[in-house]
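The values are calculated or read from the model by the stated rules, or taken from the named source; none is laboratory data. Because the structure is predicted, anything quoted here is derived from the model rather than measured. Here the Cβ positions follow ideal geometry from the backbone for every residue, glycine too, while neighbour counts run over all protein chains shown. The protein model used for the area step is the full one, side chains on, heavy atoms only, and it has no ligands, DNA or RNA in it. Shrake-Rupley method; radii C 1.70, N 1.55, O 1.52, S 1.80 Å.
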Amino acid sequence: ALATSFITSSMFVTALAPNTLALSVMRQTAGVTVTWLEWFVGFAPVGIVLLLVVPWLLYTIYPPEIRTAPEAPRWAAQQLEAMGAMSRKEKTLLVLVCAALSLWIGAIEHIEPAISAMLVVLLMVGFKVVSWNDVIGHAQAWNVLVWFATMVTLASGLGETKFLEWLAQSIGPTLEGFGLTLAIVSLVAVYFFLHYFFASITAHAASMLPVFIGIAVTIPGLSPKAWALLLAYPLGLMGVLTTYTAGHNPIYYGSGYITRQAFWGLGLTLGVFFLIVYLAIAVPWLRYLGA
């Protein structure tokens with residue numbers, strides 16, 4: 001479940017908060033604008049392959065102790081029956097979530113995604129789906145907002161002060177000498193595995209993505225949009241590496257079903273597998289799309 005959640009986090013731009021931060025960084029540092037649909041189409045082949053293969057891979061290298069649970073469907077049916085029909089609040093929330101997704105997918109040229117999200121939150125309060133105290137008491141959401149407000153501004157400042165240009169001019173020629181394929185593999189792999197030093201995907205995106213995009217766009221052979229997407233997509237995938245590299249990892253690890261050694265070993269195995277499949281599919285696919 002944890003591995004597949006990271007795959008879907010990369011597939012949908014609205015599935016992970018750092019993805020939307022990445023969109024802002026891409027726009028600030030490389031002048032690249034990506035829509036919800038473009039993001040999905042660009043990663044879909046990778047995501048579909050991984051979603052099909054990863055369950056089989058994990059079943060093979062880390063087989064479950066319990067392989068059949070005939071009572072599970074009966075228990076689930078009982079729980080659904082106990083929950084009863086959807087309440088008015090739940091139906092209202094479903095409509096508002098679908099409205100937000102529709103605006104993010106189809107109306108991005110007319111209304112900013114952030115405005116759509118704020119509008120839906122206000123409507124949730126107005127229709128009493130949640131209270132205003134629920135909104136202001138969601139500390140994690142406000143924490144992300146602060147990250148966005150400060151880090152996007154800092155990323156823009158790196159470009160305005162010519163720091164990224166200086167860094168690209170210093171490092172870019174070295175990578176050009178590698179050839180395009182080796183440059184892509186080197187840049188994406190270093191960016192990916194640097195996440196071992198971060199306990200937050202948002203922090204990784206905010207601090208590392210502007211620098212790596214600034215270096216990448218100076219390397220000929222790929223467009224700025226293709227480079228930006230190649231570096232933005234792994235944000236979801238890299239969360240699989242350790243017990244601390246994403247916010248929900250400690251919860252899964254803390255359940256006690258997976259030992260620390262197994263978690264780190266499986267994280268490295270899946271991380272390498274994710275990266276190989278990702279580079280093998282995403283690079284030619286983005287070129288085919290003309291990104």
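Rank His204, Leu2, Val32 by how far each Cα sits towards the positive end of the charge dipole of the chain (+1 on Lys, Arg Cβ; -1 on Asp, Glu Cβ) and give me just the farthest.
Toward the positive end, the furthest listed residue is Leu2.
With contacts defined as alpha carbon pairs under 8 Å and 6 or more residues apart, what's the relative contact order of the stretch 229-272 in percent? It would help to have the intermediate numbers written out before the result.
Details: 30 pairs, mean separation 18.4, N = 44.
RCO, the stretch 229-272: 42 percent.
Restricting the calculation to Cα positions, tell me the Rg (one decimal) and the Dmax (whole number) of the stretch 204-280 in Å.
Reported Rg and Dmax, both Å: 15.1, 48.
Are there DSSP H segments in the chain that both extend 15 Å or more along their axis (alpha-carbon positions) and score a mean Kyte-Doolittle hydropathy of at least 1.6? List them, or say none.
Working: long enough: 17-30 (20 Å, 0.27); 36-61 (34 Å, 1.85); 71-83 (18 Å, -0.62); 88-106 (27 Å, 1.02); 113-126 (20 Å, 2.36); 139-160 (32 Å, 0.94); 163-176 (19 Å, 0.40); 180-193 (20 Å, 2.49); 201-216 (20 Å, 1.67); 260-289 (41 Å, 1.39).
Result, helices passing both filters: 36-61, 113-126, 180-193, 201-216.
At q = 0.08, 0.12, 0.14 Å⁻¹, what is the base-10 log of I(q)/I(0) for the chain according to the Debye formula with one equal point scatterer per Cα and no solvent? Please give it to two decimals.
-0.40, -0.89, -1.16
Length gain on complete extension for the stretch Trp132 to Tyr196, per 0.36 nm per residue less the alpha carbon to alpha carbon distance?
Numbers: separation 64, 0.36 × 64 = 23.04 nm, distance 3.74 nm.
Length difference between fully extended and current span is 19.3 nm.
Where in the chain lies the longest segment free of GluC sites (Glu not before Pro) that are both loop residues by DSSP (not H, G, I, E, B) and have at most 15 other Cβ atoms within 10 Å? Don't skip to the answer; put the middle values down first.
Numbers: sites that count: Glu65, Glu109.
Longest stretch, sites excluded: 110-291.
How large is the dipole of the chain about the Cα centre if only Lys and Arg carry +1 and Asp and Glu carry -1, each at its Cβ, rounded to the nearest 20 debye? Spell out each step's value before the answer.
Numbers: 11 positive and 11 negative charges, 54 e Å.
Roughly 260 debye, rounded to the nearest 20.
Heads up, I need the accessible area for Ile136: 1.4 angstrom probe, whole protein in place, Å², nearest 10.
Its accessible surface works out to 90 Å², give or take rounding.
Set Lys and Arg Cβ to +1 and Asp and Glu Cβ to -1, take the dipole of the chain about its Cα centre, and tell me which of Tyr244, Pro64, Gly137 lies farthest positive.
Pro64
Under 1.5 on a/c is rounded, so check that first for the stretch 17-78, then, if it is not, pick prolate when a/b is larger than b/c and oblate when it is not; a ≥ b ≥ c are the square roots of the alpha carbon gyration tensor eigenvalues. Working shown, then result.
Working: a/c = 3.43, a/b = 2.40, b/c = 1.43.
Here the stretch 17-78 falls in the prolate category.
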